[in-house]
Amino acid sequence: MVPDKQYAVNEIFYSLQGEGWHTGTPAVFLRFSGCNRKCPFCDTDFSHATMMDAREIACACAAFPARHLVVTGGEPLLQLDSALLRVLKASGFFVQVETNGSLPVPPEVDWVTCSPKEPPYAVDRVDELKIVFQNQDVESVAGLFETPRRFLQPCSGSNVEETIAYILEHPHWRLSLQTHRFIGIR
């Protein structure tokens, strides 16, 4: 490990996981700055970044009581590497990454949530697929990823009825709501 390698961190905070398989799980969120996609519905302000090394990140994350860590962004795999993951794992973290699927996942990651935005895809494993539903052809996208855990999420909560209707017609999908927004937490 290069001890002085710096990572661009947007924020670190503690809350409940609000989406997907782990909804309701107390988690530390490590949000990196930067992304390789330009999604119009993105809710992250990438203009802010604090440069931190692996030990500083692990220490900041370990200040919270939970040991479920959600690494997100933008696209966290632009920065998340085995060196940082080894330090986080040494602090006892179960590491979940939320990725757009454009990059391979380091082997130390425990859980991969893939929310594909646009090809090409290079993710090499997926534990859950979470597609932001905008009435697109989700079946052809889902066919690219092997996982029985498939979630559709309304786009910013604006098309809940259409998403539910689609799921009722295609019961191999489950609904994922941004419950943190509904209950007013981060």
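Every number here is computed from the coordinates shown, using simple stated rules; none is lab data. Note that this is a predicted model, so its numbers are computed, not measured. Positions of Cβ are generated from backbone atoms using ideal geometry, with glycine treated the same way; all protein chains shown enter the neighbour counts.
The amide H of GLY20, built 1.01 Å from its N in the peptide plane, has LEU177 as neighbours under 5 Å, considering only residues 5 or more places off or on other chains.
Peptide packing: for 143-151, 8-16, 29-37, the average count of neighbouring Cβ atoms within 10 Å per residue gives the ranking 29-37, 8-16, 143-151, highest mean first. When the inverse distances between all different Cα atoms of the stretch 7-182 are averaged and flipped, the Kirkwood radius reads 16.5 angstrom. Annotation: peptides 130-141, 70-81, ranked by per-residue average of other Cβ atoms within 10 Å with the highest first, follow the order 70-81, 130-141. Derived scalar couplings between HN and Hα for the stretch 60-75 equal 5, 5, 6, 5, 9, x, 6, 10, 9, 10, 9, 9, 9, x, x, 10 Hz in order, rounded to whole Hz, by the Karplus curve 6.51 cos²θ - 1.76 cosθ + 1.60 (θ = phi - 60°), x for Gly and Pro. A protection proxy built from the mean count of other Cβ atoms within 10 Å ranks the segments 48-61, 104-117, most packed first, as 104-117, 48-61. With a cut-off of 18 Å on the backbone N, the residues of the stretch 20-38 near the modelled label site 7 Å out from ARG67 along Cα-Cβ are 25-30. In the stretch 7-182, the DSSP beta bridges split such that about 30 percent are antiparallel, to the nearest 5. When only Cα pairs below 8 angstrom with a gap of at least 6 residues are kept, the chain shows a relative contact order of 19 percent. For GLU75, nonlocal amide neighbours, meaning residues 5 or more places apart or on other chains whose placed amide H falls under 5 Å from its own, are CYS35, ASN36. For the chain, the 222 nm mean residue ellipticity estimated from helices alone, with every DSSP H stretch of n ≥ 4 adding -39500 (n - 2.57) and the total spread over all residues, rounds to -5000 deg cm²/dmol.
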